[in-house]
Amino acid sequence: MSLISGFLDTLVDVYSITRDKYTDSVKTIIYSSIKVRWVEKVSRVLSANAEIKLSSVSVWMLPEYTISQNYEFVKSGKTYKVLSYETRKNLNGVEDHIKVFLA
């Protein structure tokens, strides 16, 4: 059992954003109505492009989900883009949860 299991109180949808051959954005649902811990907090994070960006939300989720830089989270009709993410481990060295930084 994850250390954060009791804190998962918000439902979100996760979408993948890709480009088709006409360079139009195509949104594909990856996960629907998953429980996460939603924390609205401004912080600085290092993006995948090695740029320092401001994150307005951090999301904690169970390690059974896979996250990518081209994903978007939707909560209550508002869309947030993934800036960065990191895997957190428990005291035994086992993956406990993923912390995702959104803007």
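Please treat every number below as a calculation from the coordinates, not as lab data. Bear in mind that the values here come from a model prediction, so they are computed numbers and not experimental data. Reconstructed Cβ throughout: ideal geometry from the backbone, glycine too, with neighbour counts over all protein chains shown.
PRE reach from TYR65 (point 7 Å along Cα→Cβ): which of the stretch 1-32 fall under 12 Å by backbone N? Only 8-16, 30-32 fall inside the zone, counting backbone N under 12 Å.
Only Cα pairs under 8 Å and 6+ residues apart enter the sum, and on that basis the relative contact order of the chain stands at 27 percent. Karplus-derived 3J(HN,Hα) values for the stretch 90-103, using 6.51 cos²θ - 1.76 cosθ + 1.60 with θ = phi - 60°, are 7, 5, 8, x, 8, 4, 9, 7, 10, 9, 10, 9, 10, 9 Hz; glycine and proline are entered as x.
Taking a straight Cα-Cα cut-off under 25 Å and skipping sequence neighbours fewer than 8 places away in the same chain, the lysines within cross-link reach of LYS21 are LYS81. When you filter the chymotrypsin sites (Phe, Trp or Tyr not before Pro) in the stretch 1-98 for DSSP loop state and at most 15 other Cβ atoms inside 10 Å of their Cβ, you are left with TYR22, TYR65. Our estimate of slack between VAL74 and THR10, defined as 0.36 nm per intervening residue step minus the Cα-Cα distance, is 21.9 nm.
Between ALA48 and THR23, the simple spin-label model (points 7 angstrom out along Cα→Cβ) gives 2.0 nm. Diagonalising the gyration tensor over the Cα atoms of the stretch 5-102 and scaling each eigenvalue by 5 before taking the square root yields semi-axes of 22, 16, 14 Å, largest first.
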